[in-house]
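Quick notes on the structure that follows.
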Amino acid sequence: MNFFKNFILYSRLHTIIGTTISVSALYIISISISLEPVEYHIAGFILTLISCLGANIYIVGLNQITDIEIDKINKPYLPLASGAYTLKMAYVINTIALLISLSIAFYLGKFLLITVLSSLLLGTIYSLPPFRLKRYYFWAAFCIIAVRGILVNIFLFLHLHTMVLGYYHLPLSIRLLTAAILIYSIIIALFKDIPDMAGDHKFNIQTLSLRLGSKTVFILGNSLLAFLFLFLVIIPFFVPFDLNKPIFIIMHILMLVVLLIAAFKTDVKNKGSISKYYQFIWALFFTEYIVFALAALGS
């Protein structure tokens, strides 16, 4: 049980949930919006999910391997920082996750392989010297945006769509989802550093939170997200829409209301409060995929 609990911590549960929901939602969209008969390919979907989860575990694990001293300040509960895992054990987990991810990607085809290889490359240079892009807020944000915002939503969708239909194209719903997740990725990149300012300052990790202040970054991120929700409420009235409009519009109005309530209740200067709010942003991120999937099912 202790190993399982620490493995969940090592895998960073919120990123595992995010990857699972995003892959599942893209699969649902790919089979729901088509006007033609589709092949469901459940086994292919499961293998795709395993490949993406393997890449996820490798990336978050590598980040912990290179950040042990920082995590002792910012996240002392993580297995490497707490001493529950040795470096050898972390290397074994990462190697297994990497091999599983790459083996499946090579087997299933070019679009999944592009997704996985590009994500692994960006995740590696994000953490490892001499690049260690996480030290620079622009490049750190770029890595998160490129993986979560572009690679997953475009190339992974192309992989799934080709799998179920035999050919590929990018419908409006996926282009709109990609734009939305790009904004979420920017906000996640902004907010992830607010609770970690003490450790980042000590180890000279130059984040936007340290440069501009946590309150400014908090206001900026929430303003972006509020404008995104307003945009998503309005856009179905102006473009040919391949999703269910009532579901799409009502859900984004509710998300905007919940965002405003949560933002007003958050104390930016309290690490516990802002950490909970960061997890809340991830919950909204998960919900966005679910909304798109539900609207696709209802179309």
Mean Cα-pair separation over length for the chain, i.e. relative contact order, pairs under 8 Å, 6 or more apart, % | 22 percent
What 222 nm value per residue comes from the helices of the chain, counting each DSSP H run with n ≥ 4 as -39,500 (n - 2.57) and dividing by all residues, nearest 500 deg cm²/dmol?
-> -24000 deg cm²/dmol
Over segment 2-297, the quotient of the Cα radius of gyration and 2.2 N^0.38 Å is 1.01
From the cross-link list Lys88/Lys271; Lys5/Lys88; Lys5/Lys215, the entries with a Cα-Cα span beyond 24 Å are Lys88/Lys271; Lys5/Lys215
The simple spin-label model distance between Asn270 and Thr15, using points 7 Å out along Cα→Cβ, in nm, is 2.8 nm
Mind ordering 263-274, 228-239, 117-128 by average Cβ neighbours within 10 Å, highest first?
-> 117-128, 228-239, 263-274
Starting from the Cα of Thr95, step 7 Å along the direction of its Cβ; do the same at Arg175; then give the gap between the two resulting points in nm.
-> 4.6 nm
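Bear in mind that the values in this text are calculations on the coordinates, not laboratory data. Remember, predicted model here, so these are calculated numbers, not experimental data. Ideal geometry is used to build each Cβ from the backbone, glycine not excepted, and the neighbour counts take in all protein chains shown.
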